[in-house]
1. Give the label of the value calculated from the structure for Cα extents along the principal axes in Å, choosing from (i) 53, 34, 28; (ii) 49, 34, 24; (iii) 62, 36, 28.
2. With charges set only on the Cβ (+1 for Lys and Arg, -1 for Asp and Glu), what does the dipole of the chain come to about its Cα centre, in debye to the nearest 20?
3. For the chain, what does -39500 (n - 2.57) per DSSP helix run (n ≥ 4), summed and divided by total residues, give at 222 nm, in deg cm²/dmol to the nearest 500?
4. Name the longest site-free stretch of the chain, where the excluded sites are GluC sites (Glu not before Pro) in a DSSP loop with no more than 10 other beta-carbon atoms within 10 Å.
5. So, for the chain, what is the accessible surface per residue at a probe of 1.4 Å, expressed in square angstrom?
6. On the protein heavy atoms, probe 1.4 angstrom, tell me the percent of accessible surface of the chain carried by carbon and sulfur.
7. Projecting each Cα onto the charge dipole of the chain (Lys/Arg +1, Asp/Glu -1 at the beta carbon, about the Cα centre), which of THR156, VAL98, LEU22 comes out farthest on the positive side?
8. So if a site counts as exposed when it's one of the trypsin sites (Lys or Arg not before Pro), its DSSP state isn't H, G, I, E or B, and it has at most 14 other Cβ atoms within 10 Å, what's the longest stretch of the chain without one?
Amino acid sequence: VLFRSQDVSALIHESASLLRPLVGETINISVTAPENLWLCEVDSAQLQNALLNLVLNARDAMPEGGRITLEAANQTLDEHYAAAHADVRPGRYVMIAVSDTGAGMSAEVAARAFEPFFTTKATGLGSGLGLSMVFGFVKQSGGHIAIHSEVERGTTVRIYLPQFVGDLLAAGAEPD
């Protein structure tokens, strides 16, 4: 695993252009990732693989077509949010969201979505490892992942990756 500070905005734009042919002509992909995102210390190949898994799941939830949105923003998760989510440390994160206009999931299915080998796809169409691998990557990166889904309204998976401050701390500067 090669952890390096990454320009997440550039990575998302690059990934989106590679993913467009994989989703088909009935699905539109849009990207909102500003250039002023904080750096994150992650493995770029694993982040691209996570985006691939999330986009392919979104595609599969929209057999008749629809829209996938890749979005990124700088966000601060405060003590209140951390108190409600045991795996979160308060701090600065780059949030990456993958949203779709697909079939959505019930609360029961969404609660199990990150479990290894759990899948709602027909036999032979999914291993049930995609979302669990995304979950593992996020945890290995010191981040947080959340899923929100409504039946018939779509799904949004949000990944929060900690801001990289190593270079700034070494220079004695404060993060932006």
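The values are calculated or read from the model by the stated rules, or taken from the named source; none is laboratory data. These figures come from a predicted structure and were not determined experimentally. Note that we place each Cβ from the backbone using ideal geometry, even for glycine, and neighbour counts take in every protein chain shown. Quick note on the areas: whole protein, heavy atoms, side chains included, nothing else; ligands and nucleic acids left out. Shrake-Rupley method; radii C 1.70, N 1.55, O 1.52, S 1.80 Å.
1. It is the one labelled (i).
2. Here the size comes out at about 360 debye.
3. Only helices count here, giving -10000 deg cm²/dmol.
4. The segment 65-151 is the longest one with no such site.
5. That works out to 54 Å² per residue.
6. Whole-percent figure for carbon plus sulfur exposure: 52.
7. Projecting each Cα onto the dipole axis, the largest value belongs to LEU22.
8. Maximal segment without exposed cleavage sites: 1-120.
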